[in-house]
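Here the structure comes first, spelled out in structure tokens, and everything after it is commentary.
The values are calculated or read from the model by the stated rules, or taken from the named source; none is laboratory data. Everything quoted here is computed from the prediction, not taken from an experiment. Cβ: placed from backbone, ideal geometry, glycine included. Neighbour counts: every protein chain shown. Only protein heavy atoms, including side chains, enter the accessible area calculation; ligands, DNA and RNA are left aside. Shrake-Rupley method; radii C 1.70, N 1.55, O 1.52, S 1.80 Å.
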Amino acid sequence: MEIRAATVLPARREPIELETGDGLTLVGELALPLDRPPVATLVTLHPLPTHGGFMDSHVYKKAANRLPALADLAVLRFNTRGTSSERGTSEGTFDGGEGERFDVAAALEYAEFHDLPKVWVVGWSFGTELTLKWAHDPLVEGAILLSPPLHRATDHDLDAWARFGRPLVVLVPEFDDYLRPDEARERFARVPQAEVIGVEGAKHLWVGEPYVRIVLDEIVKRVNPAAWPLPTDV
């Protein structure tokens, strides 16, 4: 069977709640391999909620639908404060990336408390800003950025990640609306351990199954290379 956009592979999918340090409850889901422990974990930070981003943004939904089965990964998705999806609405209100520091911390604390292994943070658009600003946690093995706009995240945040020292993989669409590959290479040159990958033909939202496959393949290549490349049929 060919893996298509709507393919949902077997996994244990559990609704979860995250409690933030400033007293909010956030809703989310944890997807785990069906009959074995995960070898690594993706904590995902979604695009801008004021422009339609949420835990079900399509790349993350497809990661949760496929990667527990194909790559033995745990995929943790959640709605940041004030964000709604089919799973429900997280308490609080959007805070432009500042109060969301507590949301990032709550997700990482959940992963630590539940002994989820080898945590990598995956940020997409607004989620890349949250990653660069707030994911400097000893638990974090590294981060993967999808379509970073570098609006809220500044050179100060890039320098902080450089000092943090963890790997940083940056996937930049050729036709991104905000930051394209050549400029991204210049901006991320401040982070010696950053690897910037331009993706030919892609746009900011990674629409189209070929681009989703590229993203998921690049994630798995770093997080569980034994499962790379991902199959296109099951």
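In terms of solvent-accessible area of protein heavy atoms at a 1.4 angstrom probe, what is the ranking of Thr44, Thr89, highest value first? Let's see the in-between values first.
Values: Thr44 5, Thr89 80 Å².
Largest accessible area first, the list is Thr89, Thr44.
As a test question: what accessible area, to the nearest 10 Å², does Arg187 have when a 1.4 Å probe is rolled over all protein chains in place?
Looks like 60 Å² after rounding.
Just the accessible area for Phe175, please: 1.4 Å probe, Å², rounded to the nearest 10?
Its heavy atoms expose roughly 90 Å² to the probe.
Consider the candidate values (i) 36; (ii) 27; (iii) 45; state which one is percent of Cα pairs over 27 Å apart computed from the structure displayed.
Read-out taken from this structure: (ii).
Taking 0.36 nm per residue of sequence separation and subtracting the Cα-Cα distance, how much length would be gained by fully extending the chain between Asp159 and Asp56, in nm to one decimal?
Values: separation 103, 0.36 × 103 = 37.08 nm, distance 3.09 nm.
Taking 0.36 nm per residue and subtracting the Cα distance, the gain is 34.0 nm.
Suppose R0 equals 22 Å; then what is the FRET efficiency for Phe94 and Lys203 from their Cβ-Cβ distance, rounded to the nearest 0.05?
Numbers: r = 24 Å, r/R0 = 1.10.
For Phe94 and Lys203, the calculated efficiency is 0.35.
Determine, from the Cβ-Cβ distance of Arg180 and Lys221 and an R0 of 22 Å, the FRET efficiency 1/(1 + (r/R0)^6), rounded to the nearest 0.05.
Step by step, r from the Cβ atoms, then E = 0.45.
For the chain, build the charge dipole from Cβ charges (+1 Lys, Arg; -1 Asp, Glu) around the Cα centre, then report which of Ser57, Gly165, Ala202 sits farthest towards its positive end.
Ala202
Given contacts defined as C-alpha pairs under 8 Å and at least six residues apart, what's the relative contact order of the chain, whole-number percent? The partial results should precede the final answer.
Details: 498 pairs, mean separation 41.8, N = 234.
In percent, rounded to a whole number, it is 18.
When you count, for each residue, the other Cβ atoms within 10 Å and take the mean per peptide, how do 142-153, 104-115 rank with the highest first? Intermediate results must be reported in sequence, preceding the final value.
Numbers: 142-153: 23.0, 104-115: 18.2.
So the order, starting with the most tightly packed, is 142-153, 104-115.
Note down the nm distance, to one decimal, between modelled labels 7 Å out along Cα→Cβ at Asp115 and at Glu2.
4.2
Ignoring ligands, DNA and RNA, what percent of the accessible area of the chain is carbon or sulfur (1.4 Å)?
Details: 5090 of 9840 Å².
For the chain, the apolar C and S fraction of the accessible surface comes to 52 percent.
Can you grab the distance from the C-alpha centre of segment 22-56 to the C-alpha centre of segment 119-162, Å, no decimals?
Spelled out, the Cα-based centre of one part sits 16 Å from the other.
If you count only protein heavy atoms and use a 1.4 Å probe, how large is the accessible surface of Val234, to the nearest 10 Å²?
Using a 1.4 Å probe on the heavy atoms, I get roughly 80 Å².
Per residue, what accessible area does the chain have, given a 1.4 Å probe and all protein chains present, in Å²? Let's see the in-between values first.
On the way: 9840 Å² over 234 residues.
For the chain, the per-residue accessible area is 42 Å².
Between His151 and Glu86, what is 0.36 nm times their sequence separation minus the Cα-Cα distance? Round to one decimal in nm. List each step's numbers first, then the result.
Details: separation 65, 0.36 × 65 = 23.40 nm, distance 2.86 nm.
Extra length from His151 to Glu86 when fully extended: 20.5 nm.
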